[in-house]
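Q: Below is a structure I'd like to ask you about.
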Amino acid sequence: MLNSYYRNKADSMVSTMHLILLLLPISFFFTPVSATAQAAFDVVEPDSLFSYEPLLINVYLNPAISFELEVLITDDNDLYVDIEDLFRKLEIPCEKKEQGNKLTGFIEPGNKPYSINFIAQQVTVADNTTIAKNGLIYETGIWYLESNILANSFGLNLTFNPRSLAAKLVAGFELPFVRKLQLENTRNKISKLKKEQPSADTVVPREYNLFKFGMIDWALSSYQAASKPTYNYFTLGIGAELLYGQANVSINYNDQFDYDPRQLQYNWRWVDNDNNLIRQAQLGVIHKQVIAQLNSPVVGASVSNSPTTVRKAKGYYTINDYTEANWTVELYLNDVLLDYTTADASGLYVFKVPIIYGYTVIKLKFYSPLGEERTEERILNVPFTFLPANTCEYEFTGGILQTDKNTQYALGNFNYGATRFLTIGGGVEYLSNLPTYPMIPYAKIAFQPISKMVMNLEYAHDVRLKGLLNYYITPNTFLEVDYEKYKEGQEATNLNALEARRISLTIPLRLNKVSLLSKMKVDQFIYKNFHFNQFSFILSAYYKQFSANLAYLVNWVSENRAFMSMNLLLSYKLRNGFAFRPLAEYNLSEKEFIRARVELEKRIHKLYFSISYERNFLSKDDIVFLSSRYDLPFARTGFSASYAQNNLIFAESAQGSFAFGGDHNFVKTSNNSSLGKGGVLFYPFLDLNQNGIQDEGEKRILLSLVRVSGAKAVISEKDSIIRISDLNAFVNYTVEFSDGDLENIAWRFQHKSYQVMVDPNGYKRVYVPVIAVGEVNGTIYMDADSTSRGIGRITIQIFDGEGQWVAETLSEPDGYFSYLGLSPGNYTLRVDAEQLESLNYQSSPVYYKGAIRVSEDGDVVNYLDFHIKPR
């Protein structure tokens, strides 16, 4: 940050020595111009110029924040600091007055006014005035203040270490600069929580293609059993960009079953988040669920003005469910990875899901310790749909059911954000196979009275009344109350109960090094002739490599006797990579064991295997199961065998995917699905003519590192292309480049950060221009008493061919200056005229005029020396 305030002299010297033998005489490139006499302003006596030793030291606020500061050191190691430079770097308000002879402003705490009168040698803070005799020194146009006066008057304590040429700064109040950094860090954290995109130098928008082939998914599996036919399954998925949208087609084939329409899935999806009228459109097989229970997907069309981006509101709700033990579960919101967790020994997983604005698609991906992958998609228009204030979003869908072409379906839905915390919505759903009420009008309200509480109320005419309340009692203790009341005889849903009441409480605890998660839940379903009740209590514990799950379940119907059971699951990961999991299920009502199981897993690099034995005490059956998985670069393979009831069953499987379009005949193989994904190809090149286009003769540049948000970049040494694969389509990713990753010190990225919208089912090409910049250097000499010596803290200004200011640099204590970063072109160098005026000096020459030439290694112009002397 502030460390870049000065140019590194050592790097410049290396560049100079590297090119000096190739340079022509300096007079060919830069022409000196002589000075003329100007008006004098006598402030400094020449004899005082070299009375003190000027140094450049590092000032540390903490180990992470430091900056460089010009100081003067006496023979007694007294420290004098450039007071104006110090205040500006700490962002303490300061203003020059009275022709630079007075510095004024205000300082914390309490915004106390201060003034430093350089001529009167006085420092005044609020009502306290300090006579700074010998405490102020004027050198080369800069006023220096002694460090003891700085501490006593302003509360800024500098502890100087002469050996390390460093000083530690301790302030008696919160510095504006530190407060600004803390605010920036807080805002960055909030932006990450809200999933806001960081600002980028260059935005690469969506590209549209009439047709572009991209992805293939495939899967094979086979099952064999004694005295039974062999079952073979085959799945093929093809993804492309068609008519400016994402097109996916997949078919599932089973050689033992007749063809079912649901085996063929096809969908075309168009997205434009910048279009206010229509942001999403779909054709083909559409998964939809609002009020009516649909037994198959809809084949039809859908349009909406809801964006695909994640727009986080305030508040959370919790989802929890079961999968296999110790599986990793990933949570995606609108195709954006939001969080992941690991299921406990019973398979329980819990997610704290942020409430986001608009229509929500939740997708869960499951990964077993053996490498198996499952994907479950949930479409949620409820429970919580919030919109920003004064925002209206709609959705229209129409079509027929895939398994019943005579059944028509239609939906019209809208939501309106009345305030940030209140959203109202409603619509009409139509399902033609409902004989009594095919048209279902509905209305809903989502309300958030406080950030920790969210309520939702929904009324569907002649179907149900539904209410849901989520409340975080503490940041992690979660209460959920759910109530549903159904009209008797309704046929829109499969639930036959008249009422459904649910309440659950989730409480996480931590006792020393043991993490606990307890969940209590009560469900009651009211039927016409009886009540069904269920109570469950789950306690999960984690300690280092050990996890346990205890589940207690009670079921009873009306006044009948309750059925009680208890499950105990244990899991322990051994140090040698084995995982050991015993299980026992016990019937408390009958006081007998139901089943017991023991399982052992092992992972060796990409090979996973497990073996388990289970005893069912009710059926007197024994089950032995053996499975293994091996991950190849292009496929995930698996084998399993089981023995139960004198039957031996074998199963084999393999799955993978191909991503095409990676340039130079590159095909990305993966053992996961690539359908609907996208990728980006970056081409860094040396842009000699700086037109942003890779022309003939401009070479590619091999980078050592690229930073990508939420993805991994693969840099090819063969063709220097940066390939980023497996990205979610229609999502912005931020890619950052650093000049430090370039092999030449004279090279600079024209744009250091890119925000790229990923296209579906293909790779997008992005060219990254790198420019070669030039360097100028020289020495500022002070001519006095027939001698010349280098002088520091003199400002050299650089202007372009049109006279516009480009940059400036300061001479170092020995007079040397350099600046690296000039694009090819014409420039003028001169000593700062205002500084010369204040010092009453003149410069010879007045300025240099010349050019930085086009060069792959960057042009270097040396020996641009200036001599200054009193007028």
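The values are calculated or read from the model by the stated rules, or taken from the named source; none is laboratory data. Worth saying up front: this structure is predicted, and the values here are computed from it rather than measured. Glycine also receives a Cβ, built like all others from the backbone with ideal geometry; neighbour counts cover every protein chain displayed.
Q: Please go through the range 733-777 and give me each residue that is among the polar types (S, T, N, Q) and over 30 Å from Asn248 (Cα atoms), ordered by number. Full working, then the answer.
A: Filtering the range 733-777 for residues among the polar types (S, T, N, Q) gives 734, 738, 744, 750, 753, 755, 761, 777.
Of everything in the range 733-777, those that are among the polar types (S, T, N, Q) and over 30 Å from Asn248 (Cα atoms) turn out to be Ser738, Asn744, Gln750, Ser753, Asn777.
Q: Between a residue in the range 669-683 that is more than 20 Å from Asn267 (Cα to Cα) and any residue that is among the acidic types (Asp, Glu) and part of a loop (DSSP other than H, G, I, E, B), which pairs come within a Cβ distance under 8 Å, given they are 6 or more apart or on different chains?
A: Pairs found: Leu681/Asp663.
Q: Find the strands (runs of 3 or more DSSP E) located wholly in the range 336-416 whose residues include 3 or more that are on the phi < 0 side of the Ramachandran plot and modelled with pLDDT of 85 or more, and list them. Give the steps one after another, and end with the answer.
A: Values: elements: 336-342, 348-356, 360-367, 373-380, 392-401.
Qualifying strands (runs of 3 or more DSSP E): 392-401.
Q: Kindly indicate which of Ile722, Ile715 is surrounded by 20 or more Cβ atoms within 10 Å (Cβ to Cβ) and not assigned by TED's automatic domain parsing to the domain that holds Leu822.
A: On the way: Ile715 fails: surrounded by 20 or more Cβ atoms within 10 Å (Cβ to Cβ).
Being surrounded by 20 or more Cβ atoms within 10 Å (Cβ to Cβ) and not assigned by TED's automatic domain parsing to the domain that holds Leu822 holds for just one of Ile722, Ile715, which is Ile722.
Q: Can you find a residue in the range 794-809 that is touching a Pro at 6+ places or on another chain (Cβ under 9 Å) and surrounded by fewer than 21 Cβ atoms within 10 Å (Cβ to Cβ)?
A: Checked against the condition, which is being touching a Pro at 6+ places or on another chain (Cβ under 9 Å) and surrounded by fewer than 21 Cβ atoms within 10 Å (Cβ to Cβ), the range 794-809 yields no hits at all.
Q: Do we find that Tyr767 is in a strand (DSSP E or B), surrounded by fewer than 21 Cβ atoms within 10 Å (Cβ to Cβ) and not assigned by TED's automatic domain parsing to the domain that holds Tyr848 in this structure?
A: Numbers: in a strand (DSSP E or B): yes; surrounded by fewer than 21 Cβ atoms within 10 Å (Cβ to Cβ): yes; not assigned by TED's automatic domain parsing to the domain that holds Tyr848: yes.
Yes, satisfied.
Q: Continuing with this model, one more query. What is the number of the single condition among (1) more than 29 Å from the chain's Cα centre (by Cα); (2) of a type in the set (A, V, I, L, M); (3) at pLDDT below 95; (4) buried (at least 16 other Cβ atoms within 10 Å of the Cβ) that Leu242 does not meet?
A: Every condition holds for Leu242 apart from (3).
Q: Within the range 718-732, take every residue that is farther than 16 Å from Tyr767 by Cα and of a type outside the set (Asp, Glu) and give me the one that is modelled with the highest pLDDT.
A: Pass one, the range 718-732, residues farther than 16 Å from Tyr767 by Cα: 718, 725-732.
Imposing the further condition that a residue be of a type outside the set (Asp, Glu) reduces the set to 718, 725, 727-732.
Numbers: Lys718: 91, Ser725: 94, Leu727: 90, Asn728: 87, Ala729: 91, Phe730: 90, Val731: 86, Asn732: 88.
Result: Ser725.
Q: Check Lys89, Lys9 and return the single one that is surrounded by 14 or more Cβ atoms within 10 Å (Cβ to Cβ), of a type in the set (Lys, Arg), modelled with pLDDT under 50 and under 30 Å from Val170 (Cβ atoms). First the steps, then the outcome.
A: Numbers: Lys89 fails: modelled with pLDDT under 50.
Residue meeting the stated conditions: Lys9.
Q: Further question: Suppose we keep only residues that are in contact with a His (Cβ under 9 Å, 6 or more places away or on another chain) and not polar (S, T, N, Q) within the range 693-731. Which one would you say is nearest to Ser753 (Cα to Cα)? So that I can check it myself, show each step before the final result.
A: Residues of the range 693-731 in contact with a His (Cβ under 9 Å, 6 or more places away or on another chain): 716, 718-719, 721.
Applying the additional criterion that residues be not polar (S, T, N, Q) yields 718-719, 721.
Working: Lys718: 24, Asp719: 22, Ile721: 17 Å.
Going through the qualifying residues, I end up with Ile721.
Q: Which one is surrounded by the fewest Cβ atoms within 10 Å (Cβ to Cβ), of the residues in the range 277-303 that are modelled with pLDDT of 90 or more and of a type in the set (S, T, N, Q)?
A: Only one residue tops the list, namely Ser302.
Q: If we scan the range 108-131, do we find a residue that is touching a strand residue (DSSP E or B) at 6+ places or on another chain (Cβ under 9 Å), under 22 Å from Leu839 (Cβ atoms) and aromatic (Phe, Trp, Tyr)?
A: Checked against the condition, which is being touching a strand residue (DSSP E or B) at 6+ places or on another chain (Cβ under 9 Å), under 22 Å from Leu839 (Cβ atoms) and aromatic (Phe, Trp, Tyr), the range 108-131 yields at least one hit.
Q: Restricting attention to the range 778-795, and to residues there that are free of Cβ contacts under 8 Å to residues at least 60 places away in the same chain and not in a loop (DSSP other than H, G, I, E, B), which single residue is nearest to Leu820 (Cα to Cα)? Quick ask: steps written out before the conclusion?
A: Filtering the range 778-795 for residues free of Cβ contacts under 8 Å to residues at least 60 places away in the same chain gives 786-787, 790, 795.
This time we only want the ones that are not in a loop (DSSP other than H, G, I, E, B), so: 787, 790, 795.
Values: Thr787: 30, Gly790: 21, Thr795: 15 Å.
Among them, the one singled out is Thr795.
Q: Taking the range 501-535 on its own, how many of its residues are over 19 Å from Met564 (Cβ atoms), among the aliphatic types (A, V, I, L, M), under 39 Å from the mean Cα position of the chain (by Cα) and surrounded by 14 or more Cβ atoms within 10 Å (Cβ to Cβ)?
A: Selection size over the range 501-535: 5.
Q: Mind listing whichever residues of the range 831-849 are more than 21 Å from Pro54 (Cα to Cα) and either surrounded by 21 or more Cβ atoms within 10 Å (Cβ to Cβ) or touching a Lys or Arg at 6+ places or on another chain (Cβ under 8 Å) (or both)? Outline the logic, then answer.
A: Keep residues of the range 831-849 that are more than 21 Å from Pro54 (Cα to Cα), which gives 833-834, 837, 842-849.
Hits for the range 831-849 are Gln842, Ser843, Ser844, Val846, Tyr847, Tyr848.
Q: Across the range 454-474, what is the total count of residues that are more than 29 Å from Lys487 (Cβ to Cβ) and either surrounded by 16 or more Cβ atoms within 10 Å (Cβ to Cβ) or touching a residue at least 40 places away in the same chain (Cβ under 8 Å) (or both)? Lay out the reasoning, then the answer.
A: The initial filter retains those residues of the range 454-474 that are more than 29 Å from Lys487 (Cβ to Cβ), namely 472-474.
From what is left, the residues that are either surrounded by 16 or more Cβ atoms within 10 Å (Cβ to Cβ) or touching a residue at least 40 places away in the same chain (Cβ under 8 Å) (or both) are 472.
So the answer is 1.
Q: For the range 850-871, how many residues meet the condition of being crowded, with 19+ Cβ neighbours inside 10 Å and of a type in the set (Ser, Thr, Tyr)?
A: 0
Conditions (1) outside any loop (DSSP other than H, G, I, E, B); (2) in contact with a helix residue (DSSP H, G or I) (Cβ under 9 Å, 6 or more places away or on another chain); (3) among the polar types (S, T, N, Q), marked per residue:
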residue	(1), (2), (3)
Ala654	yes, no, no
Ser657	yes, no, yes
Gly662	no, no, no
Asn665	no, no, yes
Asn672	no, no, yes
Leu675	no, no, no
Asn691	no, no, yes
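Q: When you go through (1) in a loop (DSSP other than H, G, I, E, B); (2) modelled with pLDDT of 90 or more one by one for Ser164, which number turns out not to apply?
A: (2)
Q: Looking only at the range 532-558, which residues are among the charged types (D, E, K, R) and in contact with a strand residue (DSSP E or B) (Cβ under 7 Å, 6 or more places away or on another chain)?
A: Narrowing the range 532-558 to residues among the charged types (D, E, K, R): 544.
Once the filter is applied, which keeps residues that are among the charged types (D, E, K, R) and in contact with a strand residue (DSSP E or B) (Cβ under 7 Å, 6 or more places away or on another chain), the range 532-558 yields nothing.
Q: If you take the residues in the range 560-619 that are of a type in the set (A, V, I, L, M, F, W, C) and assigned to a loop (DSSP other than H, G, I, E, B), which one is nearest to the chain's Cα centre (by Cα)?
A: Of the residues in the range 560-619, the ones of a type in the set (A, V, I, L, M, F, W, C) are 562-564, 566, 568-570, 574, 578-580, 583-584, 588, 593-594, 596, 598, 600, 604, 607, 609, 611, 617-618.
Narrowing further to those that are assigned to a loop (DSSP other than H, G, I, E, B): 562, 574, 588, 617-618.
Details: Ala562: 50, Leu574: 34, Leu588: 49, Phe617: 51, Leu618: 52 Å.
If we take residues in the range 560-619 being of a type in the set (A, V, I, L, M, F, W, C) and assigned to a loop (DSSP other than H, G, I, E, B), then Leu574 is nearest to the chain's Cα centre (by Cα).
Q: Which one of Ser612, Ser619 is surrounded by 14 or more Cβ atoms within 10 Å (Cβ to Cβ) and polar (S, T, N, Q)?
A: On the way: Ser619 fails: surrounded by 14 or more Cβ atoms within 10 Å (Cβ to Cβ).
The unique qualifying residue is Ser612.
Q: Here's something else I'd like to know. Considering only the range 646-677, state which residues are closer than 30 Å to Glu743 by Cβ, surrounded by 15 or more Cβ atoms within 10 Å (Cβ to Cβ) and out of contact with any Gly (no Cβ under 6 Å at 6 or more places or on another chain). I'd like the intermediate steps shown before the answer.
A: The first filter runs over the range 646-677 and keeps only residues closer than 30 Å to Glu743 by Cβ, leaving 659, 661-668.
Those still in the list that are surrounded by 15 or more Cβ atoms within 10 Å (Cβ to Cβ) too: 659, 661-662, 666, 668.
Within the range 646-677, Ala659, Gly662, Phe666 meet the criteria.
Q: Return the residues of the range 213-239 that are charged (D, E, K, R) and at pLDDT 95 or above; say none if nothing qualifies. Talk me through it step by step, then tell me what you get.
A: Initial filter on the range 213-239 (charged (D, E, K, R)): 217, 228.
Selection gives Asp217 alone.
Q: Scan the range 484-500 for residues that are surrounded by 15 or more Cβ atoms within 10 Å (Cβ to Cβ) and either within 40 Å of the chain's Cα centre (by Cα) or in contact (Cβ under 8 Å) with a residue 60 or more places away in the chain (or both) and jot them down.
A: Glu484, Ala492, Thr493
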